[in-house]
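Scroll down for the structure; my scribbles are underneath it.
Values quoted throughout were computed directly from the atomic coordinates according to the rules given, and no laboratory measurement underlies them. From a predicted model like this one, the values you see are computed outputs, not experimental measurements. Every residue, glycine among them, receives a Cβ derived from its backbone with ideal geometry; neighbour counts consider all protein chains shown.
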Amino acid sequence: MNLFSPLKCGSLTLPNRVIMAPLTRARTPSTVPGKLQELYYKQRASAGLIITEATNISPTGTGYVYTPGIYSDEQEAGWKGVCEAIHAAGGRVAMQLWHVGRVSHELVQPNGAQPVAPSAIRGEGAQAFVEFEDGTAGRTPASTPRALETSEIGDIVADYRKAAIRAVRAGCDMVELHAANAYLLHQFMATGTNLRSDQYGGSVVNRARIVLEVVDAIGKAVGYERIGIRIAPFSEIFGLTDEESGEMALYLADQLSRRKVAYLHINEPDWQGKDIHLTPEFRKSVREAFDGALLYCGHYDAARAEALIADQLADAVAFGRPFIANPDLPERMRVSAPLNDSNPETYYGEGPLGYTDYPALIKA
């Protein structure tokens, strides 16, 4: 096996194991994808699987302006155009479903409401991206959230289910639950952000309950073989801490394996620049616990990715920033061609600059 071997992944067979990681690009001011997004994703259709940018499941799940949604007919129609463009170019796509929880602000919330979270704990260092009253946009410290009532959690689960149905109806081959990076589902799983005393707090089993309820709701609606999930064990970001991160990851891996979900996508803790690394023993434990396709993401190059696959610790590797600047990343890796450098100043913004204008290899 290598990066260019086919991979069975749920309902799909991927032609290679170079996965496009989810990348927020803040280029959807209307929340509805359009022709620009169609071109951007079509250019990258040679990935074994495209995982879309994080996509809001509801207005209350939003923490950043200029990001797309999947809760309205207009958004669904926009994503239909994107999926058709990807498929026309021979690609496959999973939509990442997103609820930010406490990483939000009243300026982004409907009617200026408080953001919601497992517990009413403000995320230290967390910032939302908002439009201010003068029409400018920028980052601002996240608001203190209110704790979800137990009776409200079923509505959150239903929002995920409806979003997944819309995504598949729009043409997505799969959906990926964003349960990483200190957003809502991760907040429920972590000891430092979940101080609940009901059935959604306390033990590992209870803190994982909402995640598995979402998986089951989506699985019954569109099929477990269409589900991937992204987690970030040992990651500390936006003030999130967790004393049982490893135990939670292994419990989830086992439960997801029992449900036959398509893939487990692990975002490694070093992505935010901290010197925290997954141990070989932890990777082996995850491999033993999960029978589906296992993906890792975090500062990989082709050689490191090949080594992880050769050691049978992963089935595929997701690449983020390299895909920004290299729409034909799998081909560049296959022929050992140099990579374009990306420009961080254009990661987020408007228009094609730094989005659809990176060149592909010139073929003779």
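Summary table below
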{"quantity": "Computed [θ] at 222 nm, helices only, for the chain once each DSSP H run of length n ≥ 4 contributes -39500 (n - 2.57)", "calculated": "-9500 deg cm²/dmol"}
{"quantity": "Mean Cβ neighbour count within 10 Å, used as a protection proxy, ranking 94-100, 15-21 highest first", "calculated": "94-100, 15-21"}
{"quantity": "Convex hull volume per residue for the chain, taking Cα atoms only, in Å³", "calculated": "127"}
{"quantity": "Pairs of Lys in segment 7-319 closer than 20 Å at Cα, counting only those 8 or more apart or on different chains", "calculated": "7"}
{"quantity": "Extension gain from Thr136 to Ile165, taking 0.36 nm per residue of separation minus the Cα-Cα distance", "calculated": "7.0 nm"}
{"quantity": "Computed label-point distance, nm, for sites Asp73 and Arg146 using a 7 Å Cα→Cβ extension", "calculated": "3.1"}
{"quantity": "Percentage relative contact order, the chain, counting C-alpha pairs under 8 Å, at least six apart", "calculated": "18"}
{"quantity": "Within segment 52-67, backbone nitrogen closer than 20 Å to the virtual label 7 Å beyond the Cα of Leu353 toward Cβ", "calculated": "66-67"}
{"quantity": "Segment Leu39-Glu281, extension gain: residue separation times 0.36 nm, minus the distance between their alpha carbons", "calculated": "83.0 nm"}
{"quantity": "Relative packing of peptides 311-318, 62-69 - highest average C-beta neighbours within 10 Å first", "calculated": "62-69, 311-318"}
